[in-house]
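Only one structure is covered here, and it is reproduced in the block below.
The values are calculated or read from the model by the stated rules, or taken from the named source; none is laboratory data. Note that the coordinates shown come from a computational prediction; the quantities given were computed from them, not determined experimentally. Here the Cβ positions follow ideal geometry from the backbone for every residue, glycine too, while neighbour counts run over all protein chains shown.
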Amino acid sequence: MANAVEKIREFRAEAKFQRTSPQKAKLVLDLIKGLRVEQALNTVHFSSKRIAPVVEKVLRSAIQNATYVSQEQGLDVDVDNLYVRTAVANEGPRMKRIRPAPMGRAFRYQRRLAHIIVTVAEKKSPATVSAATDSAPSAKKTTKKAATKSAAKPAARAAAKKTATKKSAAKKAAK
């Protein structure tokens, strides 16, 4: 059973000390999370954000890392089967700057930097997924639990409606 479960290989790439705030980088990264690599590249390529070319470069680097490592270690990684597993923008060091202010004073502000990390992994094929999750007792348990939960929901809704009508009737009588 232990040999049936195969470890999912992840391949990552980083771009450190990028001159943008992590909040702005996350706007682009959230667009590509969970997408297939080809679709993610198209999405980033046609994005109008200033950080999009950097994210595209990091994504391409992660894909190249996957092909390189698969060739070096003799793994069978299909590039067409890769998807973006995680896309994160962490905060880097802040650069402190000073802006002139009225009456000879100075205001301090911070220029934020971001570390962008993209991880790609290979999607499991349907045959391996069904073989790994093919356990009859656990499937029966989940269906019983789902049936009892679905039966309990309508009863709870009906009880909530009854109590709501009683409360509204009591309020009307009080006025």
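Residues of segment 102-121 being assigned to a strand (DSSP E or B), more than 30 Å from Gly34 (Cα to Cα) and of a type in the set (A, V, I, L, M), which ones? Scanning segment 102-121 gives a single hit, Ala106. Every condition in (1) in contact with a strand residue (DSSP E or B) (Cβ under 9 Å, 6 or more places away or on another chain); (2) surrounded by 17 or more Cβ atoms within 10 Å (Cβ to Cβ); (3) of a type in the set (A, V, I, L, M, F, W, C); (4) at pLDDT 95 or above is met by Phe17 except one, and the failing one is (2).
Within segment 105-127, the set of residues being modelled with pLDDT under 95 and exposed (fewer than 13 other Cβ atoms within 10 Å of the Cβ) comprises Ser125, Pro126, Ala127.
Close contacts from segment 63-80, counting a first residue that is assigned by TED's automatic domain parsing to the domain that holds Gln39 and a second that is modelled with pLDDT of 90 or more and among the aromatic types (Phe, Trp, Tyr), with Cβ to Cβ under 6 Å and a gap of 6+ residues or different chains, come to Asn65/Phe11; Ala66/Phe11. When the residues of segment 91-101 are filtered to those that are of a type outside the set (Lys, Arg), in a strand (DSSP E or B) and without any contact (Cβ under 8 Å) to a residue 40 or more places away in the chain, the one that is surrounded by the most Cβ atoms within 10 Å (Cβ to Cβ) is Met95. Does Ile51 fit the bill of being touching a Ser or Thr at 6+ places or on another chain (Cβ under 7 Å), among the hydrophobic types (A, V, I, L, M, F, W, C) and surrounded by 13 or more Cβ atoms within 10 Å (Cβ to Cβ)? The answer is yes for Ile51.
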